[in-house]
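What follows is a single structure, written as structure tokens, with notes after it.
Bear in mind that the values in this text are calculations on the coordinates, not laboratory data. All values reported here derive from a predicted model rather than from experimental measurement. Please note: Cβ atoms are built from the backbone with ideal geometry, for glycine as well, and neighbour counts cover all protein chains shown.
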Amino acid sequence: MTMHKGYIDKHQLTVLVTLMIMGSYFLVVPRTMAYFAGSAGWLGVVVGSLGGVIVGSLVVALHRRFPSHDLMGMSEVVLGKWLGKLWSLLFFLYTLAFAVITREFSTTILTPFLADSPIGPVLVISMIIMSYLAYSGIESIARTAQVFLPLIVLSILPLLVISISSGDIGQNLPWLGKGPAAIAMAGLNAGAVFGEVVVFTVILSHLRRTTDDIAALGWGIFFAMVPLVLITIGGVSLYGHEGVTTLSFPAISIARRIKIGIYFERLEAIFIILWFVLSMLKIGMVLVASVITLAGIFELKTYQPLVLPTALLSILLSLQFETDYSVLEFVDKFTTYTLPTSILFPGVVLLVAIIRGKREVPQ
Amino acid sequence: MKRLVRTFLSVCLFISLATLLTGCYGRNEMEETAFVTAFGIDKGSDKEFKLTILVPAPGKIAGSGSAGGGGGEGGSENPPYWLASAEGRTLWECFQELSKRSSRRIQFAHAAAAIIHENVARQGLEPLIDTFHRNAQMRPDTNVLVTTEPIEDILQVAFPLESLPSAYLARLQLFAHKHSQTTEYEVGDFYASSQAGQEAVIPRVSICKESTPPARSEHDEEKEKPPPKALLIEGAAVFRQDRQVGWLDGQEIFALESIRGRQVRNPLSVEVDGIAYTIVIRENYRKIKVIPNLSNLGNSEIQIKVRYETDLGEVQRGGLTITNEVLNKVAVKAEEQVSTLMRNLIQKAKYELASDIFGFGELIRRKVPDRVWRQVKGHWNKEFPNLIVSVDTEVIIRRLGMTVRSPYIE
């Protein structure tokens, strides 16, 4: 595979992982976690991050076996040509399911802020941005993220801490919520999002040769976990664990109630700007992974020609949801079954590689 | 070629962002928007709801000072606001009715207060709560108030120090915690109140009757009475689920807030040996303990201990040296007073109102979720009166003020 377009270093990898996990999930995490685990929602996030660690270590193990291949290349070597292509096609379909994020993204802009606007322009704009990001390649995304993400995290953390103090932190009691089984269920759902690091099977082959890529991945998961935990606690503090499950856009509703003294109020604009940047970069990254895989399947020399059609396809897919409720329904189903899927994609390839003793021949 | 494509694409991107993201599609000009600063909901005379809105006229507020008084009738100058009401089956119908009359687009996002009339509150807030939360214009930090007076009257009160009735209302709310005779309630608090085990207590606003100055000359009385000059935020409406079931007065709110563990700043007047003392609460702490009764879940016990750190504010006897003995006597008396207040309130909440305004259910949910709360959750309102609540108060008078013994005139 000679599709490399730029390299990323391990700090950029960390940033990308954080971005990948936090990107879209930041907006809805308090709702889903409180729905499954009650007042112990934040524990669900912590448990879920274990899912990210599992998927992450599988991804890294695969990467160490095949340092210069992405998922397509590996599965072709390991599973044989046609089975490998099929496996990659499945992975491509999995990345297409992220079209739902585009839809969530536009709904989040439309409902609270542009109540009178149709969905079209927002989708077209996001398509333009994500295509541009994907054209520019993973290195550009990584560099942009490296500039923005620390700023975002630094400005969001104080807000989240204040959101906890604006509410009643006691709402998070009892700290085991609906019980260990419920927390495990919440963890499974959060794990689905943390499991999105599976996309890095495509991206890791762009990594500069370093030894501690697993550490970079782990830090990325950790940095994503902290704001997610905080916003879950903040949401439950402000709205109660039952109230937070009824919010369409928990992060925005939380931002609306944050008060610093009596002077700083109505901070949701900050939230939406930060989230816009995060979300766009994330969608761009998923699109890159998706088109690289597709290009691999069709054995194209470069993935650029596929960017626009794939972006268009995902936009059209995102329009398949009739109502906001169908989006919610899909996301719920999607997150319940995604963790096993994200374990399977690298897991099966790794298992077969170990059984068949396949390994990249060092040049 | 590639360079060209990239340049072309980025130019396209910038142009489309610049034109589309500015929100020009659904544009809302400031000058074409009517910002509602306070609104009220009452029962309509022949329809379900009556929505009253107060919209300030931006040009007229500046410099209008106290001239902007009154309801508009009779005054030579128009008030610097537009007050209107409309009736409808739903709030949206009322809103539509108002929109027909307004030359500007009506916006609720800056409403400082939402006043709900008792008539609606007694019937249940359920139909309103949804609109408050579904509509993106409504803010979760809008203050909610309940009243028994006509809402138009409240929104017309011209307080001399404020230019607008709504600004007056908002500032009244802001300083409510200085006197601890009322509580705070925001739209977003409906979420917490919707959980079992914690009922809503919404502050009450009323028109202050006594501050109306007497008419200057006799023949003025024949004319219309001058509009009232002041409002009063005191006490609160108590809800059971979404229905109002009663009222609490200022002193009861003081007891309630102490039991809830919120900060109160209340002067306490105590009479010992014929001398009136006033002590002022500076800080208060609450310790609360749940002792679950597993054989009879509803009969669980809750022990509350409230400690007040107070300062001596006033002694109505000159020449009296304040010693620890005196302070002790005052403190003991004050403890008795506050405890009685609390016990009475608890009795009232249990038997008269049957509403868990203290959030004891919520406390049980936090402390003993599995053994008790899960069993009583469904019928908590029935179980709540069986709860055994014991109150203990401790008053500590720390600071004496600027004098140990005030001058005495013989």
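Annotations
- Charge context of B:A192, other residues only, Cβ under 13 angstrom, K/R +1, D/E -1: -4
- Cα-based helix-to-principal-axis angle, A:324-356 vs chain A, degrees rounded to 10: 30 degrees
- Projected label points at B:R262 and B:H179, each 7 Å from Cα along the beta carbon direction, are separated by 1.6 nanometres.
- Rh (Kirkwood; distinct C-alpha pairs) - the stretch B:132-216, Å: 14.8 Å
- Approximate spin-label separation A:R356-A:V124, in nm, with each point projected 7 Å along Cα-to-Cβ: 4.7 nm
- Computed over chain A with a Gaussian network model linking Cα atoms closer than 10 Å, the most mobile of A:V15, A:V28, A:V348 is A:V348.
- Principal axis dimensions, the stretch A:10-345 - Cα atoms, whole angstrom, descending: 60, 44, 35
- Near the amide H of A:F249, within less than 5 Å, lie no amide hydrogens of residues on another chain or at least 5 residues away, with H placed in the peptide plane.
- Viscosity 0.890 mPa s, 25 °C: Kirkwood-radius Stokes-Einstein D of chain B over Cα pairs, µm²/s: 99 µm²/s
- Sequentially through the stretch A:40-50, phi angles give Karplus couplings (6.51, -1.76, 1.60; θ = phi - 60°) of 9, x, 5, 5, x, 5, 4, 4, x, 5, 4 Hz, Gly and Pro residues having no value and appearing as x.
- Helix runs (DSSP H) in chain B reaching 18 Å along axis by Cα, Kyte-Doolittle at least 1.0: B:2-20
- Sites B:R317 and B:M402 - FRET efficiency at Förster radius 22 Å, r taken between beta-carbons, to 0.05: 0.85
- Sequence-distant residues sharing a close amide H with B:A230 (under 5 Å, placed H): B:C208
- Bridge type composition, the protein assembly as shown - antiparallel percent by DSSP, nearest 5: 65 percent
- Across the options B:S355, B:V338, B:L320, the greatest Cα extent toward the positive end of the charge dipole of the stretch B:261-410 (unit charges at beta carbon of Lys, Arg, Asp, Glu) belongs to B:S355.
- Point-charge dipole on Cβ atoms (K/R +1, D/E -1) for chain A, about Cα centre, debye to 20: 800 debye
- Euclidean distance of C-alpha centroids, the stretch B:79-129 and the stretch B:156-214, integer Å: 18 Å
- A Förster radius of 60 Å combined with the Cβ-Cβ distance from B:N386 to B:I15 puts the calculated FRET efficiency at roughly 0.30.
- The residues B:T323, B:T393, when put in order of fewest to most other Cβ atoms within 10 Å, stand as B:T323, B:T393.
- Extension gain for B:E29-B:H379 works out to 120.9 nm (0.36 nm per residue, less the C-alpha to C-alpha distance).
- The stretch A:195-287: GluC sites (Glu not before Pro) falling in loop per DSSP and having at most 16 other Cβ within 10 Å: A:E265
- Taking amide hydrogens as placed 1.01 Å from N in the peptide plane, the amide H of B:S406 sits under 5 Å from those of B:G319, B:L320, each at least 5 positions away in sequence or on another chain.
- Principal-axis tilt of helix A:138-166 within chain A, Cα atoms, nearest 10 degrees: 20 degrees
- Averaged over the residues of peptide A:121-131, the number of Cβ atoms from other protein chains lying within 10 Å of each residue's Cβ is 2.
- Spatial offset of the stretch A:294-363 relative to the stretch A:125-183 amounts to 23 Å, using the alpha carbon center of each.
- Restriction of the chymotrypsin sites (Phe, Trp or Tyr not before Pro) in the stretch B:119-203 to DSSP coil positions whose beta-carbon has at most 10 other beta-carbons within 10 angstrom yields B:F175.
- Estimated dipole of the protein assembly as shown in Debye, rounded to 20 [Cβ of Lys and Arg +1, of Asp and Glu -1, Cα centre]: 3160 debye
- Where the alpha-carbon atoms of the protein assembly as shown are placed on the principal axes, they occupy 109, 66, 51 Å, in descending order.
- Between A:V307, A:S117, A:T293, the Cα set farthest toward the positive side of the dipole of the stretch A:10-345 (charges on each charged residue's Cβ, about the Cα centre) is that of A:T293.
- Pairwise Cα separations in the stretch A:209-259 fall into 5 Å bins from 0 onward with the following percentages, short to long: 5, 19, 21, 15, 11, 8, 9, 6, 5, 1.
- Inter-label distance, B:W247 to A:E329: 4.9 nm, where each label sits 7 Å from its Cα along the C-beta direction.
- Peptide B:187-196, shielding by other chains (average Cβ, 10 Å cutoff): 5
- B:C94, B:C208, B:C12 arranged by Cβ crowding within 10 Å, fewest neighbours leading: B:C12, B:C208, B:C94
- Restricted to Cα atoms, the stretch A:129-233 shows a radius of gyration and a Dmax of 17.4, 49 angstrom.
- Annotation: extensible slack from B:R122 through B:K100 equals 4.9 nm (criterion: 0.36 nm per residue apart, minus Cα-Cα distance).
- Bridge orientation summary for chain B: considering DSSP beta bridges with both residues in this region, about 65 percent are antiparallel.
- Length gained when the stretch A:S117-A:L300 is fully extended (0.36 nm per residue, less Cα-Cα span): 62.0 nm
- Against the main long axis of the alpha-carbon atoms of chain A, helix A:99-113 sits at an angle near 30°.
- Alpha carbon centroid spacing (whole Å) that separates the stretch B:335-403 from the stretch A:35-79: 49 Å
- Exposure proxy shown here: for A:K333, B:K333, A:K282, the number of other Cβ atoms within 10 Å sets the order, fewest to most, as A:K333, B:K333, A:K282.
- Since only A:T341, B:G88, A:V147 are under comparison, the one whose Cα sits farthest along the positive direction of the charge dipole of the protein assembly as shown, derived from C-beta charges on Lys, Arg, Asp and Glu, is A:T341.
- At the listed q of 0.13 Å⁻¹, the Debye profile of the stretch A:1-135, built from one uniform point per Cα, gives log10 I(q)/I(0) equal to -0.84.
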